[in-house]
1. Which entries of B:LYS51/B:LYS143; B:LYS51/B:LYS137; A:LYS78/A:LYS137; A:LYS57/A:LYS78; A:LYS76/A:LYS181; B:LYS111/B:LYS161 have Cα-Cα distances beyond 19 Å here?
2. Based on DSSP H runs of at least 4 residues, each adding -39500 (n - 2.57), what is the mean residue ellipticity at 222 nm of chain B after dividing by all its residues, to the nearest 500 deg cm²/dmol?
3. B:LEU149 versus A:GLN201, label points 7 Å from Cα toward the beta carbon: distance in nm?
4. Can you tell me the relative contact order of chain B? Whole percent, Cα pairs under 8 Å, sequence separation 6 or more.
5. Based only on Cα atoms, what mean projected area does the convex hull of the protein assembly as shown have, in nm²?
6. Set Lys and Arg Cβ to +1 and Asp and Glu Cβ to -1, take the dipole of chain B about its Cα centre, and tell me which of B:PRO166, B:PHE332, B:LEU138 lies farthest positive.
7. Write down the Kirkwood hydrodynamic radius of chain A, to one decimal in angstroms, obtained as one divided by the mean of 1/r over all alpha carbon pairs.
8. Write out the GluC sites (Glu not before Pro) in the range A:102-184 meeting two conditions: DSSP loop, and at most 16 other Cβ atoms within 10 Å of their Cβ.
Amino acid sequence: MIVTTNLTKIFHDKKRGEIRAVDSVNIECKPGRVYGLLGLNGAGKTTLMRILSTILKPTSGSAKVAGYDIITEAEKVKEKIGFLSSDTGLYQRLTAEETVSYFGRLNGMEQNMLTQRVEEIFDRFDMNQFRGRRVGKLSTGMKQKISIARTFINDPEVLILDEPTIGLDVVTSRSIIHFIKESKQSGKCILFSTHVMWEAQKLCDDIAIIHKGKILEVGTLEQLQAKTGLADLDDIFIKVVGE
Amino acid sequence: MNIRKVKIIYFKEILETLRDRRTLISTILIPIILFPVLMFGMGAVVVMMMKKTEAEATRIALIGGEYASSFVSTLLEGDDFQKVEVKDFEFALKEKEIHAAIEFSSGFEEKLTLGENSEATIYYDGAELRSSIAKEKLSGELKDYQDSLVAERLRERNIEKSILHPIEVKAENLAPKEKMEGFMLSMFLPYVIVILAMVGAMYPAIDLTAGEKERGTLETILVTPVSRLDIATGKFLTVLTASLITIVLSTASMSLTASLGFARMGDLGSEQISFAIKPLSIILLLLLMLPLAALFSSALLSVSLFAKSYKEAQSYVSPLMFVVILPAMVSFIPGIELNWGLAFVPIVNISLASREVLLGTFRWEFIALIFVSTFIYASFSIFVTKRLFEKEGVLFRT
């Protein structure tokens with residue numbers, strides 16, 4: 001569902017020169033599984049996810065998401081994915097319902113289908129009590145629910161979630177973890193980045209450790225444990241990145 | 001381009017813009033209230049102050065008053081002048097104890113009676129309005145006194161008073177009424193409308209680009225299956241709408257205010273001027289403003305898209321205001337007229353053409369040329385905006 005081949009992104013910075021934010025990355029995420037990207041801040045997780053969601057173009061290499069090429073078939077890719085990150089904000093002056101409907105319409109949904117889908121989603125995420133209120137007036141937890149609803153409106157095959165629990169309280173992050181598990185059960189392919197080790201340990205079927213743009217290790221938790229001789233993902237991570 | 005998606009984005013942006021207080025103030029409220037406030041508010045205050053100043057007794061100091069006793073006694077007869085005793089008239093003038101001082105030369109009236117000439121000096125402070133008025137009033141009184149003396153001397157010599165004015169100068173204004181009315185407005189209407197077209201587009205443009213970057217919503221829209229061109233077009237049309245609304249509202253408000261304002265000025269004593277711009281002038285004016293609004297909208301979008309935050313965008317846009325204000329001021333310069341060269345200079349051409357449209361002296365070929373040239377500039381600017389929306393370095397500038 002997500003396959004990358006030598007995906008590379010180079011930025012040019014006046015002070016620091018050439019930065020290889022993503023360096024020859026090869027990953028493969030399959031439907032019904034959660035693929036965890038583990039890395040420190042600035043490891044290249046966000047850049048990789050932005051490339052996969054077609055916001056950024058790779059410098060070299062290629063990738064297919066849901067069977068479509070991210071460069072030549074970007075629009076198709078965007079129809080198939082749900083992208084959520086701490087940087088994807090919401091329109092403060094729209095109501096919860098207007099927000100979700102807006103993204104549904106942009107995804108090409110017809111009015112009848114959209115109305116039905118909005119009802120479904122508002123019931124499912126228990127959002128009916130604030131559906132008519134403006135986003136700017138809502139709590140962080142409510143906003144996060146709207147963000148998830150927005151990501152989910154087009155029933156995407158692939159979910160790309162960039163540190164979706166960062167800065168959230170326990171209750172809200174639990175609801176997100178729950179949502180990821182549910183999505184996995186319904187056969188979606190999920191690429192999930194975090195630097196919270198216990199989250200990765202709890203959720204991910206496959207784990208990739210990314211450091212300075214490069215994937216250093218990939219495998220299931222058991223495979224990583226066997227390879228490093230360590231039990232805890234914290235220790236495994238530190239050993240692999242060597243810091 | 002996907003028209004359906006552009007429409008979806010456009011209507012959402014309009015809805016959000018209508019819910020933004022800053023935009024509502026700059027796009028709708030200011031163009032409506034600016035002219036009435038300026039015309040009636042400021043005008044009324046100025047007229048009131050002037051009347052008050054004129055009605056107040058003018059405090060004067062007399063130097064050598066004993067040489068002009070009969071003139072002084074006439075001067076102090078009414079309530080217009082009040083005599084103030086001071087030691088140092090210059091100090092008193094500086095301290096505003098007096099409005100002016102008048103000095104009579106030695107033997108002032110005595111010499112006049114003998115048929116000789118005398119001298120009177122008025123001391124005043126040219127930087128003080130009341131002092132200047134005092135000077136005018138005193139000069140007036142002296143002139144009246146002088147006229148009566150001249151009349152007396154002529155009578156003594158049996159000479160007709162008309163000998164002093166062998167030529168009677170008459171002036172008659174042949175400008176048609178419509179041109180006269182247009183003249184008043186043509187000076188400042190183009191300038192104000194050009195500026196407001198910019199102001200109306202400013203906040204929506206910043207809000208829809210740098211504002212979205214700041215709030216993280218730009219990334220949200222970029223991951224939806226909508227092309228960058230559609231996003232840029234939707235945003236451009238929203239900003240253009242705001243600018244056009246400002247133009248229409250300000251033109252309407254200004255025309256109405258002017259018609260009421262001139263009627264009021266008529267009441268105040270000057271010649272009654274009924275005000276009516278021809279509908280054709282209004283239509284042409286709005287037509288000329290259309291490509292200009294498009295040019296402003298796309299330029300503002302480009303500049304503010306480059307900024308990382310709302311504040312940064314504001315600091316880029318403020319100097320841009322001067323780039324607009326200076327060429328727009330050309331409508332105030334009476335000598336400059338449209339020619340083939342100026343018709344290609346953006347903003348200057350619109351400002352001059354609007355003035356001529358209001359005066360009713362425009363040439364169609366210039367109007368067409370200006371419309372087309374501004375349209376071309378706007379198209380280029382829109383192209384730049386579109387390219388910027390495709391640049392990662394601009395959208396994700398860190």
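Please treat every number below as a calculation from the coordinates, not as lab data. Just so it is clear, the structure is predicted and the values come from calculations on it, not from any experiment. Counting neighbours? That spans all protein chains shown, and the Cβs are built from the backbone with ideal geometry, glycine included.
1. B:LYS51/B:LYS143; A:LYS78/A:LYS137; A:LYS76/A:LYS181; B:LYS111/B:LYS161
2. Helix contribution divided over all residues of chain B: -21500 deg cm²/dmol.
3. Rounded to a tenth, the inter-label distance reads 11.1 nm.
4. Numbers: 479 pairs, mean separation 79.6, N = 398.
Relative contact order of chain B: 20 percent.
5. In nm², the orientation-averaged hull projection of the protein assembly as shown is 43.4.
6. Ranked along the dipole, the leading option is B:PHE332.
7. Computed over chain A, the radius equals 18.7 Å.
8. On the way: sites: A:GLU110, A:GLU119, A:GLU120, A:GLU157, A:GLU182; in loops: A:GLU110, A:GLU157.
Hits after loop and neighbour filter: A:GLU110.
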